[in-house]
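Remarks on the structure that follows.
The values are calculated or read from the model by the stated rules, or taken from the named source; none is laboratory data. Here the structure is a predicted model, which is why all the values come from computation and not from measurement. Glycine also receives a Cβ, built like all others from the backbone with ideal geometry; neighbour counts cover every protein chain displayed.
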Amino acid sequence: MTNPSHRPSAAGAFSRLALIVSLLFGCTGRSGAEAPAEAKTASGEDTGMHVLFIGNSLTYSNDLPLIVQAMAKAAGKSLEVDSVTGGGYSLDDHWNDGGAQRAIASRRWTYVILQHGPSSLPESRAELRAAVKRFAPVIRKAGAKPALFMVWPPADRISYFDDVRDAYALAAADVSGLFIPAGEAWRAAWRRDPQAPLYSGDDFHPSTAGSYAAALSIYGMIFKTPPQGLPARLQLSSGQVVQVPEALAKLLQDAATEANQKYGKP
């Protein structure tokens, strides 16, 4: 796997229009302008928790896997993370490339976290569910449990949140997997503060706060603990610092706890 410093950029590799078209309805393909899939690694002390992320720019934006790892470290837990990501990639793209299967087979994992597009339409929901069923036996063979990282629709389709949640929840249930309701953590945050800045400038990718909120949901579900009390400032293993205002961090922690308790499935 490649070094995390070689990760693809969340901006500049493709236009906003191409991005939203490729991701909005389940990532049914990729354009030639998109970055190739790649793997990245960041290791902490090995205490048996190993998590592999497979997804696209909604996962690699703001180094989400490393944020989850930093949260674990701040809580006195050790977590090793790896990821295989590509701009605009669907789970079908990952399957066809073969890199995700090689990463899964490379060691024993605790969880393999799968992330697709929003998958809000019936045909894209079916695509998501079929892809997850294809990956699940490979994941189980590696000693891991499949996990579904629910994302969010773009701002101009915000009414589709329920459809996104249902698609990911069904895909998780299909394979008796972990359901991580990160998108619902966003909604719980907006119920507390409708101005919480969770989208980035393109109204689809996460801002730093959006990735922090998603990481809280992931952390809470994989460690089976509420994420309250985690620091607002995190030093990532890459050297990057991720920081949100203290008051916003607390609000997002409460929101992620609410979402995980209401919608999360172990």
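Overview of values
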{"item": "Some residue of region 212-220 being closer than 24 Å to THR110 by Cβ, among the aromatic types (Phe, Trp, Tyr) and out of contact with any strand residue (DSSP E or B) (no Cβ under 8 Å at 6 or more places or on another chain)", "result": "yes"}
{"item": "Pick from region 87-99, criterion of a type in the set (Gly, Ala, Ser), touching an Asp or Glu at 6+ places or on another chain (Cβ under 9 Å) and at pLDDT 95 or above, ranking: farthest from ALA209 (Cα to Cα)", "result": "GLY99"}
{"item": "Region 238-259: number of residues that are in contact with a helix residue (DSSP H, G or I) (Cβ under 8 Å, 6 or more places away or on another chain) and either more than 14 Å from ASN62 (Cβ to Cβ) or surrounded by 24 or more Cβ atoms within 10 Å (Cβ to Cβ) (or both)", "result": "11"}
{"item": "In region 131-155, residue farthest from the chain's Cα centre (by Cα) [restricted to those that are surrounded by fewer than 18 Cβ atoms within 10 Å (Cβ to Cβ) and not in a loop (DSSP other than H, G, I, E, B)]", "result": "LYS141"}
{"item": "Residue within region 190-205 that is touching a Ser or Thr at 6+ places or on another chain (Cβ under 6 Å), buried (at least 18 other Cβ atoms within 10 Å of the Cβ) and under 14 Å from LEU114 (Cα atoms) present", "result": "no"}
{"item": "Members of region 83-98 found to be surrounded by fewer than 19 Cβ atoms within 10 Å (Cβ to Cβ) and either among the polar types (S, T, N, Q) or not in a loop (DSSP other than H, G, I, E, B) (or both), listed by number", "result": "TRP95, ASN96, ASP97"}
{"item": "Cross-chain or 6+ apart pairs with Cβ under 8 Å, region 124-142 first and free of Cβ contacts under 8 Å to residues at least 24 places away in the same chain and farther than 11 Å from ASP174 by Cα, then among the β-branched types (Val, Ile, Thr) and outside any helix (DSSP H, G or I)", "result": "none"}
{"item": "Complete set of residues in region 170-189 that are surrounded by 15 or more Cβ atoms within 10 Å (Cβ to Cβ) and either farther than 13 Å from VAL151 by Cα or over 14 Å from the mean Cα position of the chain (by Cα) (or both)", "result": "LEU170, ALA171, ALA172, ASP174, VAL175, GLY177, LEU178, ARG187, ALA188, ALA189"}
{"item": "Any hit, region 197-207, residues being hydrophobic (A, V, I, L, M, F, W, C) and over 21 Å from TYR60 (Cα atoms)", "result": "no"}
{"item": "Odd one out for TYR60, checked against (1) out of contact with any Pro (no Cβ under 8 Å at 6 or more places or on another chain); (2) assigned to a helix (DSSP H, G or I)", "result": "(1)"}
{"item": "Residues of region 109-120 that turn out to be at pLDDT 95 or above, surrounded by fewer than 24 Cβ atoms within 10 Å (Cβ to Cβ) and part of a loop (DSSP other than H, G, I, E, B), as a count", "result": "2"}
{"item": "Strands (runs of 3 or more DSSP E) enclosed by region 164-266 - at least 2 residues per element that are of a type in the set (Val, Ile, Thr)", "result": "241-243"}
{"item": "Extreme residue, farthest from SER211 (Cα to Cα), among residues of region 63-79 that are buried (at least 24 other Cβ atoms within 10 Å of the Cβ) and of a type outside the set (A, V, I, L, M)", "result": "GLN69"}
